[in-house]
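Read the figures in this text as sums done on the coordinates, not as results from a lab. Just so it is clear, the structure is predicted and the values come from calculations on it, not from any experiment. Neighbour counts are summed over all protein chains in view; Cβ atoms, including those assigned to glycine, are modelled from backbone coordinates with ideal geometry.
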Amino acid sequence: METPSMATSTKLSTSVEAELIRRHKTTSTTVLSLLVGVVLVCVLAFVSQKLLIQRNNSSVEIVVRVSILMFGLGAIALRRTQFAKMRLQDIAALQGASGLIITLQRTTLRVAMIGAAIAIIGFASTIWTGITPYTYQAGVVAAAVLLYGYPVRSAWEQAVKLYSPSDSPDSAETPS
């Protein structure tokens, strides 16, 4: 009978490990690119602040701040629910290691896209109102979401080792 400590000590098969490395590299490159994009949007807002005409609008301010807050909290909630232990166990049992890796990638990219959307909301509100702190505040929240959702390869490997069913014949349970 296999114990949880035995499952974490086993090696991944070469095809699963290759897929994990490939998907992790693609995902981490995408997240880092979006993070660079957030910084560039903030720089663009700073550079263009003299060209913008300030129009104070309290209703826009409230909508922008609430939407940034909701998107930020929504990204955290999405990641936590999608990476719940029971959900990952079910996906691994039904789809195997490959399905689990795909789920890890898709969820990470969804969280990253929410982070990018936050930065876009901030920049669009800066263009609309001429008030640059919208972009800076949204940039900070977007960067926090992107860093929170950044894929850690060791965590992905651990999840695949822990939740994926083992295919080796010696780990199969024998009927009693």
Item to check | Most positive-pole-ward Cα, ALA75, GLY37, VAL111, against dipole of the chain from beta carbon charges | outcome: GLY37
Next on the checklist: Debye calculation, C-alpha points only, no solvent: report log10 I(q)/I(0) for the stretch 1-118 at q = 0.16 Å⁻¹, in the same order as the q values.
Outcome noted: -0.92
Next on the checklist: Whole angstrom only: what separates the Cα centroid of the stretch 67-132 from the Cα centroid of the stretch 150-166?
Outcome noted: 18 Å
Checklist outcome for this item: Computed over the stretch 63-116, the relative contact order (Cα-Cα under 8 Å, seq sep at least six) in percent reads 50 percent
Checklist entry - Of the chain, which part is the longest with no trypsin sites (Lys or Arg not before Pro) in a loop (DSSP not H, G, I, E, B) and with at most 15 other C-beta atoms within 10 angstrom? => result 56-176
Checklist entry - Along the charge dipole of the chain, Cβ charges K/R +1 and D/E -1, which of TRP128, ALA143, ALA84 sits furthest on the positive end? => result TRP128
Next on the checklist: Once you keep just the Cα pairs under 8 angstrom separated by 6 or more residues, what percentage relative contact order results for the chain?
Outcome noted: 38 percent
Next on the checklist: Rounded to the nearest 20 debye, what is the charge dipole size of the chain about its Cα centre when +1 sits on each Lys and Arg Cβ and -1 on each Asp and Glu Cβ?
Outcome noted: 680 debye
Item to check | Charged-residue dipole, Cβ positions (Lys, Arg, Asp, Glu), the stretch 49-128 about Cα centre, Debye nearest 20 | outcome: 80 debye
Checklist entry - On a 0 to 90 degree scale, rounded to 10, what angle separates helix 85-129 from the longest Cα axis of the chain? => result 10 degrees
Checklist entry - What distance in nm separates the simple spin-label points at LEU12 and LEU51, each placed 7 Å from Cα in the Cβ direction? => result 4.5 nm
Next on the checklist: If you average the alpha carbon positions of the stretch 49-66 and of the stretch 31-47, how far apart do those two centres end up, in angstrom?
Outcome noted: 19 Å
Next on the checklist: Is there a quick way to get the dipole size of the stretch 27-91? I mean about its Cα centre, with the Cβ of Lys and Arg at +1 and of Asp and Glu at -1; what is the value in debye to the nearest 20?
Outcome noted: 80 debye
